[in-house]
Amino acid sequence: MNSIINLDKPAHITSQQAVVKVKRLLSAKKAGHAGTLDPIATGVLIVCLNEATKITRFLADLEKEYIAQLKLGERTDTYDSTGKIVEKKDIGVLYAEDIHEVLSRFKGCIQQIPPMYSAVKIGGEPLYKLARKGISIERPERSVHIYQLELLSFHHPYVNVSVTCSKGTYIRTLCEDIGNALGTGAHMTALKRTRVGNFRIEDAVSIAELPDKKNIFCSMDEALSHLKEIILDHDSWLKAKNGLPVDIPRNVTGTPFDGANKDICDTPLRDSEYVRLKNPAHVLFGIGILGSNSLKVERLFNTS
């Protein structure tokens, strides 16, 4: 059972608690997740079982999609409804057009400061541990990309938005920043992750449906379909599965070359690009990273 499950995480449990429940229900030896959801949040949580735990980092980088609700007029110390109210403001007269205008400012590449109540480590200690002691410290900004940010509804004082974003985006921080830009303050009251890469909420399975529901598993190859593949010849496969680099002359896209044949991609391979590694029978056995003229094995899978 070296598989991936698209889990619909319920609210009020941590991502790790959800993983433990899946692991026990399916009697898996190992389990992990690709991208944390806060306890308040629901929706797509990619759970990897057994050998598939080796690919979590390659799934965590995928584009994500959310539906978030924020409440105007109140700021909290956690930026969501689990925290203490630290400021209240009069919303005054506000129209949907005002919100549309502010949302447009947050599209594209933006800078975010991680919230104090987060797992980000500074000096080796998670920020949330400092926050619980009442300590607030300077946090470096990070660049994230907001591909799409749209107003779904506005029913005073609640605003619902849809967000498509890059990895590392804190939706709680986005809600806090939107509230500050509106001049009203705000905090997040609900969050649902509706997509991670090709994993969509419409296809997700709930914990209650495990382990009886059929067709819940996704193969490692399917989960990594966003990576291009290289099919190695026999000799190169033997070298790669023993962790040795493989020489790859960089020929024209789609043509066979010594050691490998990239036969499904329409775009050239790039240096430092991760690729799926397959043996001559087209069976996935690892992940590699491309150099200028060589292929280095990054992960090997024990799936035989």
Checklist entry - Sorted by average packing, counted as other Cβ atoms within 10 angstrom per residue and highest first, what order do 96-109, 190-203, 133-146 take? => result 190-203, 96-109, 133-146
Item to check | Counted charge near residue 190, where neighbours are those whose Cβ lies closer than 12 Å (Asp, Glu -1; Lys, Arg +1) | outcome: +2
Next on the checklist: If you take semi-axes √(5λ) of the Cα gyration tensor in Å from the coordinates, which of (1) 40, 18, 17; (2) 28, 24, 18; (3) 41, 22, 18 do you get?
Outcome noted: (3)
Checklist outcome for this item: Note: probe point = Cα of residue 93 + 7 Å toward Cβ; backbone nitrogen < 20 Å; residues of region 152-169 passing the test are 154-158
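Chymotrypsin sites (Phe, Trp or Tyr not before Pro) within region 1-102: which are DSSP loop residues with at most 13 other Cβ atoms inside 10 Å?
Details: sites: 58, 66, 79, 95; in loops: 79, 95.
When the chymotrypsin sites (Phe, Trp or Tyr not before Pro) of region 1-102 are filtered for loop state and at most 13 Cβ neighbours within 10 Å, 95 remain.
To check you understand DSSP bridge types, tell me what percent of the beta bridges within the chain (both residues inside) are antiparallel, rounded to 5.
90
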Checklist entry - What residue among 50, 215, 160 shows peak mean-square fluctuation when the chain is described by a Gaussian network model with Cα springs under 10 Å? => result 215
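Each value in this text was obtained by applying a stated rule to the coordinates, not by laboratory testing. Because the structure is a prediction, the values reported are computed rather than measured. A quick note on method: Cβ atoms are made from the backbone with ideal geometry, for glycine too, and the neighbour counts reach across all protein chains shown.
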